[in-house]
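Q: The structure's right below; bear with me while I get my questions together.
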Amino acid sequence: MLLITVFAAVQSLSAQQDVRTLGLEEVISLARGQSPAAKQAETRLKNRYWQYRLFKSDYNPQLALQGQIPGYNRDFLTNRLDDGTINYIDREQFNSGMNLSLNQPIALTGGNLSVNSNLNYFSDQLLDLTRFNTTVVNLQLDQPLFGFNPLKWDRRTEPLRYEESKRSFVEEMEFLSREAVSFYFDHLDAQINYQIAQLNLLNNDTIYKIEEGRYNIGTTSKDKLLQVELQLLRSQQDVSQSLLDLETAGLLLRNYLGLRDADTLVLISPDYIPEFNIPLADALSYARMNRSDYIAFERQRIEAERDVEEAKRQRIQTNITAAYGLNSAGTMLDAAWNDPNVQQRIDIGFRVPILDWGRNRARIETAMANRELNQYILDQETENFDQEIITLVRRFVMLRNQLKIAKKSDEVADERYKVAQNRYLTGKVDITNLNIALSEKDEAKRSYVRALRDYWVAYFDLRRLTLYDFVEGELLYVPEEE
């Protein structure tokens, strides 16, 4: 048994407190459910969701009402007369208006189609003049020609970015599990060291009393008695130090899990090790299919292509604006809506560089070079990620074998110490050999805990890198159907 008596090991800590016993699965569940890191991951996912919703809204029609009510102005207007003199005219005016518009972006071409209706009011109080101007309806098209269309490219990249964020969230949760494993074993190490120190103190106290009795009857030397006494003093120091380490590890674990109670934490060793196979080809396939990095690689390739097209499209900029509507004016509001006239407009604006000293070519060549560099980097990153999976799978198999050996070594070392202790009590071995057996027992126990740590850390690394649960045989993330 890894823990002989867990509650006895922390008796001094829990004298005035309740004891809360946790296993590895419970610690991981707490980390994923209530830890500050989990809350941050959930908030980042929520933020990315609303960014995606904002992107989708760019393709929907937007209805807006804007205006200025009231618009009031009173001042003196400068008026230059024919003879060159200047006269200042007092004026008091109201100028208000409202516009109702419906805008629809055109994703295919990058243009914008809008339907507008507006009403404007003007009044000059000193001249006793009132005018209303209306546009009953106005249909307008703004369309860039041969220009860069960001809507087309966003439609390719933003869904990938959102999908990437959802997979990143699952990876973050698996990373939280891995970090919880580390904090768990930090505490378990300290807990076992404290237990070992207490047991060693009891054993060394017993041995000292035995050796003292032998010295009193002359069957042992003063040197051996002093050696045992020194070992007893060291045991007392080990208990104090291990207690401090246990309290520190407990505080760190609490902070990570977001625990606010004052219960004493007692951890149970995860002695059950699941048996499962990890085919290397399957691990690579799941990683390529599920990891957010591979989605990010595809997004970055598209963004590099986008940058090249944007650089090419910047050379010639042409925009056409065409509008057709009905408008009217009058001194009364109802008159401004009657018998509207046809309102037409068409503009074609353009900008063509005549001499740019190679500026446009440099911009295009830079974008193309960045695209090429990006491709080299992505190819290398893909190779590195594949190599990371290969190394981890092979290492995991080795760690599982080492764990079995470490567990057996712990059992053998513990049994050997019991035999050595019995032989010491009967006088068949000396204190030096007993101390060697004690050190080997303690080291074997610590080695077993380290092997457990390495195994579970590698296990959750494997889950994070593949987004696949090899124990249950199921995906950790299933893409949603649109």
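Q: Students often check this: by mean Cβ neighbours within 10 Å, which of 83-95, 379-391 ranks highest, and how do the rest follow?
A: On the way: 83-95: 10.8, 379-391: 13.0.
Going by the mean number of other Cβ atoms within 10 Å, highest first, we get 379-391, 83-95.
Q: Report the per residue volume, in Å³, of the convex hull enclosing the C-alpha atoms of segment 152-304.
A: Values: hull volume 31.6 nm³, N = 153.
Roughly 207 Å³ of hull volume per residue.
Q: Taking only Cα atoms of segment 411-482, what ratio of Rg to Rh do you get with Rh as the Kirkwood inverse-distance radius?
A: Computed over Cα atoms, the ratio is 1.43.
Q: Treat every Asp and Glu Cβ in segment 158-239 as -1 and every Lys and Arg Cβ as +1, leave all other atoms uncharged, and give the resulting dipole magnitude about the Cα centre to the nearest 20 debye. Write down the numbers at each step before the final one.
A: Working: 9 positive and 15 negative charges, 117 e Å.
Here segment 158-239 has a charge dipole of around 560 debye.
Q: Still on this structure: For a quick check: sort VAL449, VAL471 by the number of other beta carbons within 10 angstrom, fewest at the front. Mind showing how you got there, number by number?
A: Working: VAL449 19, VAL471 11.
The fewest-first ordering by Cβ neighbours comes to VAL471, VAL449.
Q: Along each principal axis of its Cα atoms, how long is segment 81-190 end to end? Whole angstroms, biggest number first, please.
A: Rounded to whole Å, the extents work out to 99, 41, 31 Å.
Q: Could I ask something else about it? Assuming R0 = 51 Å, can you tell me the calculated FRET efficiency for the pair GLN380 and VAL137, based on Cβ-Cβ distance, to the nearest 0.05?
A: Approximately 0.30, to the nearest 0.05.
Q: Report, largest value first, the span of the C-alpha coordinates of the chain along each principal axis, in whole Å.
A: 137, 53, 45
Q: Report the extension gain between ASN60 and ALA329 in nm, rounded to one decimal, defined as 0.36 nm multiplied by the number of residues separating them, less their alpha carbon distance. Could you put the intermediate results ahead of the total?
A: Working: separation 269, 0.36 × 269 = 96.84 nm, distance 3.30 nm.
Gain in length upon complete extension: 93.5 nm.
Q: Can you tell which of ALA322, LEU425, SER242 lies farthest toward the positive end of the dipole of the chain, using +1 and -1 charges on the Cβ of basic and acidic side chains (Lys, Arg; Asp, Glu)?
A: Of the candidates, LEU425 comes out farthest on the positive side.
Q: Suppose every Lys and Arg Cβ carries +1 and every Asp and Glu Cβ carries -1, with no other charges. What dipole size does segment 342-392 come out with about its Cα centre, to the nearest 20 debye?
A: Working: 6 positive and 9 negative charges, 149 e Å.
Result for segment 342-392 is approximately 720 debye, rounded to the nearest 20.
Q: For ILE302 and ILE348, compute 0.36 nm times the residue count separating them, minus their Cα-Cα distance, and round to one decimal in nm. Write out the running numbers ahead of the final one.
A: Values: separation 46, 0.36 × 46 = 16.56 nm, distance 3.14 nm.
13.4 nm is the gain from fully extending ILE302 to ILE348.
Q: Which residue, chosen from ASN204, GLN68, LEU100, occupies the Cα position most advanced towards the positive end of the dipole of the chain, where the dipole is computed from +1 (Lys, Arg) and -1 (Asp, Glu) charges on Cβ about the Cα centre?
A: ASN204
Q: Quote the charge dipole size of segment 233-343 about the Cα centre in Debye, to the nearest 20; the model charges only the Cβ of Lys and Arg (+1) and of Asp and Glu (-1).
A: On the way: 11 positive and 17 negative charges, 96 e Å.
With Lys and Arg at +1 and Asp and Glu at -1, about 460 debye.
Q: Within segment 408-448, list the residues whose amide N lies under 12 Å from a label point set 7 Å along Cα→Cβ of ASP205.
A: Correct set: none at all.
Q: Give, in nm to one decimal, the length gained when the segment between SER96 and ASN341 is fully stretched (0.36 nm per residue of separation minus the Cα-Cα distance). Each step should come with its number before you reach the end.
A: On the way: separation 245, 0.36 × 245 = 88.20 nm, distance 2.18 nm.
Additional length available on full extension: 86.0 nm.
Q: For the pair ASN370 and ILE320, what calculated FRET efficiency results from E = 1/(1 + (r/R0)^6), where r is the Cβ-Cβ distance and R0 = 45 Å, to the nearest 0.05?
A: Details: r = 32 Å, r/R0 = 0.70.
Computed FRET efficiency for ILE320 and ASN370: 0.90.
Q: Turning to a different aspect of this structure: Once the Cβ-Cβ distance between LYS418 and ASN216 is put in as r, and R0 is 45 Å, what FRET efficiency do you end up with, to the nearest 0.05? Walk me through the intermediate numbers first.
A: Numbers: r = 27 Å, r/R0 = 0.60.
So the FRET efficiency works out to roughly 0.95.
Q: Follow-up. What pairs in LYS209/LYS441; LYS209/LYS428; LYS224/LYS428; LYS224/LYS418; LYS56/LYS166; LYS224/LYS404 have C-alpha atoms more than 27 Å from each other?
A: Values: LYS209/LYS441 22 Å; LYS209/LYS428 18 Å; LYS224/LYS428 15 Å; LYS224/LYS418 21 Å; LYS56/LYS166 17 Å; LYS224/LYS404 38 Å.
Violating the 27 Å limit, Cα to Cα: LYS224/LYS404.
Q: For the pair THR130 and ARG450, how long in nm is the line joining their label points, each one 7 Å along Cα→Cβ?
A: Spacing of the two 7 Å Cα→Cβ label points: 9.4 nm.
Q: Further, regarding this structure: Using only C-alpha atoms and all pairs of different ones, pull out the Kirkwood radius for segment 337-475 in Å with one decimal.
A: Working: mean 1/r = 0.0442 Å⁻¹.
Computed over segment 337-475, the radius equals 22.6 Å.
Q: Now for a separate question. Okay, helix-only estimate at 222 nm for the chain: each DSSP H run of n ≥ 4 adds -39500 (n - 2.57), divide by all residues, round to 500 deg cm²/dmol; what do you get?
A: Working: 9 runs with 276 residues, N = 482.
After summing the helix terms and dividing by residue count, I get -20500 deg cm²/dmol.
The numbers here are math on the coordinates, done by the rules we state, and not lab data. Quick caveat, the model's predicted, so the values are computed rather than measured. Cβ: placed from backbone, ideal geometry, glycine included. Neighbour counts: every protein chain shown.
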